[in-house]
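*Asks:* First the structure, then my questions, so here it is.
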């Protein structure tokens, strides 16, 4: 497991909850997640749609982290593209599982007409889409390192 700032911050935020719930928990200690209630899945590449290119050295990836029983999606990496409409850019990798509802987050993008963010969304079918570009405000790249949201 990598020890990046997000996982350390997430663990620190989960400690008060884990302590408050710990005394009332009925889960045996042997079944508790390792590392103080934090379980991090492996980074897995998104399956990119045609016309979407992974940035060199920063392929778009996702993973799930469970902190105190709550699953969070984290994403990282960047893409280059030429989008002039809301577009499906990728699919979740096989075996990753799908969310039970739409997952939404904000991702940085090229600054065009003063707009420098787009909506990153994963559907219950596992499609990953970006929302916000149009013909007068094309999206040429997006970066996913800031995407972190509750998964289920």
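*Asks:* From the list 97, 69, 77, which residue is closer than 25 Å to residue 39 by Cβ and out of contact with any strand residue (DSSP E or B) (no Cβ under 9 Å at 6 or more places or on another chain)?
*Replies:* After ruling out the rest, the residue left standing is 69.
*Asks:* Would you tally the residues in the stretch 123-149 being assigned to a strand (DSSP E or B) and either in contact with a strand residue (DSSP E or B) (Cβ under 6 Å, 6 or more places away or on another chain) or modelled with pLDDT of 95 or more (or both)?
*Replies:* Final tally of qualifying residues: 13.
*Asks:* Return yes when residue 86 is surrounded by 15 or more Cβ atoms within 10 Å (Cβ to Cβ), at pLDDT 95 or above and more than 30 Å from residue 39 (Cα to Cα) and no when it is not.
*Replies:* yes
*Asks:* Kindly evaluate residue 14 against the criterion of being at pLDDT below 95, in a helix (DSSP H, G or I) and surrounded by 17 or more Cβ atoms within 10 Å (Cβ to Cβ).
*Replies:* Criteria met by residue 14.
*Asks:* Kindly provide the set of residues from the stretch 45-57 that are free of Cβ contacts under 8 Å to residues at least 60 places away in the same chain and touching a strand residue (DSSP E or B) at 6+ places or on another chain (Cβ under 7 Å), ordered by number.
*Replies:* 45, 47, 48, 49, 51, 52, 53, 54
*Asks:* Considering each residue of the stretch 67-89, count those that are under 13 Å from the mean Cα position of the chain (by Cα) and assigned to a strand (DSSP E or B), and give that number.
*Replies:* 7
*Asks:* Report, by residue number, each residue of the stretch 98-116 that is in a loop (DSSP other than H, G, I, E, B) and either within 13 Å of the chain's Cα centre (by Cα) or surrounded by 14 or more Cβ atoms within 10 Å (Cβ to Cβ) (or both). So that I can check it myself, show each step before the final result.
*Replies:* First, the residues of the stretch 98-116 that are in a loop (DSSP other than H, G, I, E, B): 98-102, 113-114.
Of everything in the stretch 98-116, those that are in a loop (DSSP other than H, G, I, E, B) and either within 13 Å of the chain's Cα centre (by Cα) or surrounded by 14 or more Cβ atoms within 10 Å (Cβ to Cβ) (or both) turn out to be 98, 99, 102.
*Asks:* Moving to a separate point now. So which of 51, 95 is on the phi > 0 side of the Ramachandran plot and either in a strand (DSSP E or B) or within 18 Å of the chain's Cα centre (by Cα) (or both)? Quick ask: steps written out before the conclusion?
*Replies:* Working: 51 fails: either in a strand (DSSP E or B) or within 18 Å of the chain's Cα centre (by Cα) (or both).
Of 51, 95, the one residue that is on the phi > 0 side of the Ramachandran plot and either in a strand (DSSP E or B) or within 18 Å of the chain's Cα centre (by Cα) (or both) is 95.
The values are calculated or read from the model by the stated rules, or taken from the named source; none is laboratory data. None of these values were measured; they are calculated from a predicted model. Methodologically, a virtual Cβ is constructed for each residue, glycine included, from the backbone with ideal geometry; neighbour enumeration extends over all protein chains shown.
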